[in-house]
Structures are given as structure tokens and as C-alpha cells.
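Chemist: Here's a structure for you.
Nothing in this text is a laboratory measurement; each read-out follows from the coordinates by a stated rule. Computed from a predicted structure; not experimentally measured. In this analysis, Cβ positions are derived from the backbone assuming ideal geometry, glycine residues included, and neighbour counts consider all displayed protein chains.
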């Protein structure tokens, strides 16, 4: 008889918990989740953002982004969470500091050098 009451108690508590669905994100938050996911590299595929990756790990990361958005965390807090967990390489667009600053400035410096070179070359050829 004790087991019967135990089972009744168990099922009356378990059924509502199983029937509960997570609150869906509204469209604005879904867009924000996608924008955040587009900034993170898939650890499995390595060349694409997690929003486009079919890998299970990427889908879990997307779910984590949604959960953190539901908790009211900002975009920067979510990106910092993933950066702390996976390292800076997880960011598709590295922060312009330290050695990464070279990667940000080198293309502009090469373009400027090319323009200066062309200016002097054209001037010399026309003379």
C-alpha cells in the first residue's frame, strides 16, 4: 500500500514537470540569438559560425545562447562566456588588441603603401 501512494505521489509531481515546455524566444530575441551565433566559430567545423553548423555541439551552443538571453544577459556577457570557456579563437572576429592588432592594421598599412607606390610609379612613368 505504501508503494501505491509513493507511485501516485511520484506521477502527480512528474507529469507536470514533463509536460512543461521551455518558453520560446520572441522573434526579436531569436534574431539577437542568431546575431550572437554568427560571431562564434563552430568548434567542430571550424570555418563556419555555429548558427549555420549542423554539428551537435554547435546546436548545444545555440541552446546555451538562448538560455542566457532568457536570463537577461547581454550580447557582450554571452560572448565573454564562450570566450572564457573556449578561448579567443572561438570568436570569428578577434578583438583588436595585442597581436591581433597587427591583423587589423596590416591590411590598411599594405593598402596605403600600395597607393603611395602607385602614385610615385605613375608620376615617374609620365615624366
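Chemist: Take the Cβ-Cβ distance between residue 88 and residue 30 as r, set R0 to 22 Å, and report the resulting FRET efficiency rounded to the nearest 0.05.
Modeler: That pair, residue 88 with residue 30, gives E of 0.25.
Chemist: OK, next. Sequence gap at least 6, Cα distance under 8 Å: using those rules, report the relative contact order of the range 21-93 to the nearest whole percent.
Modeler: 31 percent
Chemist: Going highest first, how would you order 87-93, 107-113, 36-42, 58-64 by mean Cβ packing within 10 Å?
Modeler: Packing order, densest peptide first, comes out as 36-42, 58-64, 87-93, 107-113.
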